[in-house]
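Remarks on the structure that follows.
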Amino acid sequence: PAQRDFDFIARRWEEIEQGKQIFSEEFLHNLEQAKTGYEILQRLKLLREHVSKFGDKTPKELNIIEIINNTLEKTKGLKKKSIKNTFGDLLEPSYEDISKVCLDILELLRNVHPKDVFETLVRLSIDEKEEIRKKSLDVVSKMARYTFYPEERKIYYSLQLFILDEVEKWDNKKLLTHLSFIVKLSEELLSPSFDG
C-alpha cells in the first residue's frame, strides 16, 4: 500500500510538472506559431487534456480563449488533405476537426471564463459549418444548465443570470440572427428539472 501511495504521488508530481510546461507562454506561443493542421491539433489535444485535469485551477493570466479564437481564425480555410510520410498517407485535420477540440476546451472553461467563452460560442453558433454550429449549441446548453450540488445542498445560478444579462443587451436583429442559440438557451434556463 505504501508503494501505491508513492507511485500515486510521483504520477501527480509528473502531471503538475507537465502542466507547468503546457500552461507556459512558450507552449501557447508555439501553438499560435504552428504551421500544419496536424501540429495544431496535437497541441490542442494536449492542452485539452491538461485543462481537463486542472479545471478551474487553469492559470487565468494565460488568455487561452484568445489563443483558441486566433487558432480558429487561422485554420478557418483548412481542408482535409493527404500528407505523405514514411508510414504512408496521413490525413491532415480540417477546420472542423480543430474546432471540435477547441469547443471541448471552451466547455471545460465555461465556468472559469464565462464572458469570453459565451462570446466565442455566440460567434460559432452561426458558423458556416453545421457540425460546428451543433457542437457550439451543445456547449451553450451545458453552460445554461442548472446543477444541484448535493454535498452543499445548493443550486448556483450566477452563470444563468450572467447569460440573461448578456442576452438582454442584444437588439432585435442580433436576437433573430442567433435564434437557434436563444432557443437552446431557453430550453435549459426554463427547464423545471436539473441534475444532481
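In the structure shown, the pairs 135/169; 76/174; 45/174; 129/174 are assessed against 31 Å; a Cα-Cα span above that value is assigned to 45/174. With all protein chains in place and ligands, DNA and RNA left out, the 1.4 Å accessible area ranks 118, 54 as 54, 118, largest first.
Here is the list for region 89-196: GluC sites (Glu not before Pro) lying in DSSP coil, each with at most 16 other C-beta atoms within 10 angstrom of its C-beta, are 128, 151, 152.
When region 114-165 is described by a simple charge dipole with +1 on each Lys and Arg Cβ and -1 on each Asp and Glu Cβ, the residue from 132, 160, 121 located farthest towards its positive end is 160. Site pair residue 45 and residue 158 shows an inter-label distance of 3.6 nm when each label is modelled 7 Å from Cα along Cα→Cβ.
The values are calculated or read from the model by the stated rules, or taken from the named source; none is laboratory data. These figures come from a predicted structure and were not determined experimentally. Because the Cβ atoms are built from the backbone with ideal geometry, glycine has one as well, and the counts that use them run over all protein chains shown. Quick note on the areas: whole protein, heavy atoms, side chains included, nothing else; ligands and nucleic acids left out. Shrake-Rupley method; radii C 1.70, N 1.55, O 1.52, S 1.80 Å.
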